[in-house]
Amino acid sequence: MTSDTTALKPEKNLATEGPQPASMHTRACQAAQRLHLPLHDDRAFDDARRGLVAPLPPEGVLRPNGRPVWNLQAYGFLAHEQAPDSVHPGLWRHARLNMVTGLFKVCDRVYQVRGMDLANMTILEGDTGLIIIDPLTSTQVAAAALALYHHHRPQRPVVAVVYTHSHVDHFGGVRGVIDEADVIAGRVQVIAPVGFMDDAISETVMAGNAMTRRALFQYGALLPRGELGQVDAGLGKAVSAGTVTLIAPNRLITQPVESFEVDGIECVFELTPGAEAPAEMIIHHPGLRVLNMAEITSHNFHNLLPLRGAQVRDARAWASYLVGARQRYAAHSDVLIAQHHWPVWGSQSMGEYLLRQHDLYKFVHDQTLRLMNHGHTGGDIAEAIRLPEALQQDWSTHSFYGHLKHNVKAVYQRYLGAYEGHPAFLDPLPREAQARKTIDYMGGVDVVLSKARADLAAGEYRWVADVCARIVWVDPSCAEARRLCAQAMEQLGYQTESSTWRNAYLQGARELRHGPPRLASGMAASRDMIRALPLSHYFDYLAMRLNGPRAARLRLVMHWLFSEPNASHVLTLSNGVLRHACEEPVDKVDVQLRLSRATLDDISLEQLSFADALDSGRIQLQGPREIFEEFLMLLDTFDRGFAVLEPLPPISSFQLPE
Ligand SMILES: [Zn+2]
């Protein structure tokens, strides 16, 4: 970014520009959408409202210091049935459905709290106490959801928690409903699918900073709520902003299908790995005739590759779980619930719903592969693909969360990767150099801006956003390019059916007007996550932070000796790589550290620095302190608000000594 003060001036003017209303083209687009949507089909509202016991507390959930953790009041504008021009009419309907919230009775012994977070909390009434399925993202909302239940039902202790899968919106609130001491003492069972801990931790640690930054675009957490802002997050309204915790499970489901009673309730746990999450399971309760599909079904097309980033999911496996669940459980169930959205009532409806969900994933998978084998690329297939009419007329196949086009590209990427096979694009110029050449070949910035203004007026938003984004890479101080790019992305956001695309476009427009958010540096993980991180993962994390080019000439052997629990790890630095092994040292050791695991956790949480730990004796060091300090200087810290739409500092500046 330039530091020229005259260049910053136009940006300040830009910063006073707020979101623009829907354009003539967007209004026409929404009108055309309305003609094709099954807007007459309102059954989902009845399904969502059925069994309401009590609404959520209107004041929301606050921290003791008054900071809001959860509040739906800002979504009051969704009371209007008619979609405004700035929101896709299908997304508006879906956003209104996600406002049907409260404590619901599904059937005898089965309750759900919906709308207290992104996910649902399911509460089963066992013989002696409660079984909580998925305790939401944070402790404050989990406790409030349980309190709401207890306000209307008898006070009974929680005797078991089930985590359906390894995503944080399904376990982070666990300390809001149980005490770890009860788990250790065997009074509370915590049940999870095999691989749960590894997946829960690894996804948020190794790629954590990049993923957290990108999640701001996916969920629109920093956007104002409103008709010109965030209206929904697809799976729910938003992610709660409280304390994230984790208690390790004490009973793992390891077989493909396991059946046993939990506090008198018959449960058939069926593993569904590698689809929506690396570790996940669905649950059938034959006695209650309830099928809980976890997050394998939802009332929208889910993500095969979320915008926040993840490893590409397997659409084929996902489809097989859906058709398998239909075969095995639909005839033996009266209601299908899931850990997001509302139930599907009736055995027949459930069977049809599971089949349509199956067909959705399978159609996109198979047709992408078919066209790929004819030689077409992911982008071209995404542009051309249309779902069969019968699927289009089913709301639960719509792209409110994942997006049909993005999912096609994900299938292509899973099988063939990002390279589309044309050698001219095997080694393209890096994006800024490419942008500079492109703008230059087009006749320079002024010529391009003049054409972009005409295209914006003509509603060519995809192209205007694309070309103006390139000018911003070449000259981030060009206020006109930023303005045109922001205005084009905003209209794209208004026109899309997908909440995550809308949020991404609107967050992008906001950052072009106001710059990237200012966020503190540090590790994007909570105390429980850090505490649960195996030491080998911690050293992988350190190795990822090592500035390899700067460390290339250094050779160092470190012996880390841990107490509580005892462990010995040898870290060897050579060739810019940090290797670690849980062993006793064999080579000459340069420095030895003695510390407790708690000290290391405090350092990871930035409550203690290595220097303070050395000074206070919480780390006992043998060997020259300056060598260890030299090593610490080689570990990068990450900016949580790094630039996405503007040029970053050159990579060389991330390598050289300051
Ligand atoms: Zn979820």
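How do Y321, Y461 stack up against each other in accessible area, from largest to smallest, with a 1.4 angstrom probe? Let's see the in-between values first.
Working: Y321 40, Y461 10 Å².
The residues order as Y321, Y461, largest area first.
Check each of the trypsin sites (Lys or Arg not before Pro) in the stretch 479-556 and keep only those in coil by DSSP with at most 10 other C-beta atoms within 10 angstrom; list them in order. Write out the running numbers ahead of the final one.
Values: sites: R482, R483, R502, R510, R513, R518, R527, R531, R545, R550, R553, R555; in loops: R518, R553, R555.
Sparse-neighbourhood loop trypsin sites (Lys or Arg not before Pro): R518, R553, R555.
For the stretch 1-127, what does the alpha-carbon gyration tensor say about shape, rounded, prolate or oblate, given a ≥ b ≥ c as the root eigenvalues, a/c under 1.5 as rounded, and a/b over b/c as prolate? It comes out oblate by the Cα gyration axes.
Once you reduce the stretch 421-493 and the stretch 573-649 to the center of their Cα atoms, the two points are 42 Å from each other. Gain on full extension, evaluated as 0.36 nm per residue between T637 and E258 minus their Cα-Cα distance, stands at 132.1 nm. A simple spin-label model places pseudo-atoms 7 Å from Cα toward Cβ; at L35 and K588 they are separated by 8.2 nm. Here M372 sits with roughly 20 square angstrom of accessible surface, probe radius 1.4 Å. Remark on V262: its backbone amide H falls under 5 Å from those of C267, a criterion applied only to residues 5 or more positions apart or on other chains, H modelled at 1.01 Å from N. Taking amide H positions as modeled 1.01 Å from N, with prolines and chain starts lacking one, the residues under 5 Å from A338 and 5 or more places away or on another chain are M293.
For the set H299, H36, H170, solvent exposure ranked by accessible area (probe 1.4 Å, protein chains only) runs largest to smallest as H36, H299, H170.
For M529, the solvent-accessible surface with a 1.4 Å probe is about 10 Å², rounded to the nearest 10.
Probe radius 1.4 Å, ligands and nucleic acids ignored: give me the carbon and sulfur share of the accessible area of the chain as a rounded percent. After summing per-atom areas, the C and S share lands at 53 percent.
Could you tell me which of H167, T137, F77 has its Cα farthest along the dipole of the stretch 51-167 towards the positive end, charges placed at Cβ (Lys, Arg +1; Asp, Glu -1), taken about the Cα centre? Toward the positive end, the furthest listed residue is T137. What shape does the stretch 76-152 have by the C-alpha gyration tensor, where a ≥ b ≥ c are the square roots of the eigenvalues, rounded means a/c under 1.5, and otherwise prolate means a/b greater than b/c and oblate the rest? Prolate, because a/c is 1.5 or more and a/b exceeds b/c. The distance linking the stretch 86-121 with the stretch 258-323 is 19 Å (Cα centroid to Cα centroid, whole angstrom).
Surface listing: E383, E626 arranged by accessible area from highest to lowest gives E626, E383, probe 1.4 Å. Only protein heavy atoms count here; under a 1.4 Å probe, K588 has an accessible surface of about 150 Å².
What shape does the chain have by the C-alpha gyration tensor, where a ≥ b ≥ c are the square roots of the eigenvalues, rounded means a/c under 1.5, and otherwise prolate means a/b greater than b/c and oblate the rest? Intermediate values should be presented prior to the final figure.
Numbers: a/c = 1.64, a/b = 1.02, b/c = 1.60.
Judged from the Cα gyration tensor, the chain comes out oblate (a/c at least 1.5, b/c at or above a/b).
Sparse packing (at most 11 other Cβ atoms within 10 Å of the Cβ) combined with a DSSP loop state is found for none of the trypsin sites (Lys or Arg not before Pro) in the stretch 63-157.
Once the 1.4 Å probe is applied to the protein heavy atoms, the stretch 1-154 comes out at 46 Å² accessible per residue.
The values are calculated or read from the model by the stated rules, or taken from the named source; none is laboratory data. Nothing here was measured: the structure is a model prediction, and the numbers come from that model. A quick note on method: Cβ atoms are made from the backbone with ideal geometry, for glycine too, and the neighbour counts reach across all protein chains shown. These area figures cover heavy atoms from the full protein model, side chains too; ligands, DNA and RNA do not enter into them. Shrake-Rupley method; radii C 1.70, N 1.55, O 1.52, S 1.80 Å.
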